[in-house]
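See below for the structure under consideration.
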């Protein structure tokens, strides 16, 4: 049986865990990861360094997408939370398929910051998707998906954690099928009418975060903000939970302490 040559594109803890799965199970899957593109994010700590994992297993680190074009033999490209939009010329380097793990249901939530918008829009269902890559943004045919109910009063952190677990499970269960070519693509266009669709850009989250405050609320924040001296910040209530309001300078001080 021919060993299939894999190029892996990824970042973040989920990217690390998926690459680790490919490496550990390479013999069973009948693959060899021959190269890796990544942008290690230090906020997740060195334990999730994809570069370190690749180096440990003698996998070449590819410096850029254009360097990918110099590779002579690529059977499959696998992308997991890669930070750049991949052009068609890069996708075409894969002889068989280029596939992406998108941590959201499709076609409902294309793009980024999908967890926040699902909660804000009071969605009842969420999920994760393995889809074929094309020149659009998360618009390729769906290969496999896993969906689940969003719990009541769910926070963005909890939804992320639920999606992380579902994504890793989906990847481990179905990446072998994709490598073997055992899948039936479903066009997202067939699902738009029943599921809806939207494309969310990074700039959209800044607009979502900008909450309009009344002058009375602003005055209360100015009058009671002594967090720097250890006093509890001003707050609002969400049921029995407090939502704290802090000034930018105090927020920056918190970041600098980490």
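Readers should treat all values here as calculations from the given coordinates under stated rules, not as data from a laboratory. Quantities reported herein were computed from a predicted structural model and do not represent experimental measurements. For neighbour counting, all protein chains shown are included, and Cβ atoms are generated from backbone atoms with ideal geometry for every residue, glycine included.
Rg (Å, one decimal) plus Dmax (Å, integer) for the alpha carbons of region 145-253?
When restricted to Cα atoms, region 145-253 yields Rg and Dmax of 21.5, 64 Å.
With the convex hull built on the Cα atoms of the chain, state its orientation-averaged projected area in nm².
Value for the chain: 16.5 nm².
Take peptides 99-112, 77-90 and line them up by average Cβ neighbours within 10 Å, highest first, as a rough protection proxy.
Those peptides, ordered most packed to least, come out 99-112, 77-90.
Pulled fully out, how much extra length does the chain show between residue 191 and residue 3, if you take 0.36 nm times their separation in residues and subtract their Cα-Cα distance?
64.2 nm
What percent antiparallel are the DSSP beta bridges of the chain, to the nearest 5?
Here the share of antiparallel DSSP bridges comes out near 45 percent.
How much mean residue ellipticity at 222 nm does the chain get from its helices, if each DSSP H run of length 4 or more adds -39500 (n - 2.57) and you divide by all residues, to the nearest 500 deg cm²/dmol?
Rounded to the nearest 500, the figure is -10500 deg cm²/dmol.
To the nearest 10 degrees, how steep is helix 215-224 against the longest Cα principal axis of the chain, on a 0 to 90 scale?
Approximately 80 degrees, to the nearest 10.
Pull out the extension gain between residue 55 and residue 182, defined as 0.36 nm times the separation in residues minus the alpha carbon to alpha carbon distance; nm, one decimal.
My answer for the length gained is 42.6 nm.
Give me the distance in nm between label points sitting 7 Å out from Cα along the Cα-to-Cβ direction at residue 204 and residue 165, one decimal.
2.7 nm
FRET efficiency for residue 83 and residue 223, Cβ-Cβ distance as r, R0 = 30 Å, nearest 0.05?
Efficiency computed from Cβ-Cβ geometry: 0.10.
Using the basic label-point model (7 angstrom from Cα toward the beta carbon), what is the residue 148 to residue 70 distance in nanometres?
My value for the distance between the label points is 4.2 nm.
Please give the length that would be gained between residue 231 and residue 40 if that part of the chain were fully extended, namely 0.36 nm times their separation in residues minus their C-alpha to C-alpha distance (nm, one decimal).
Full-extension gain reported as 65.1 nm.
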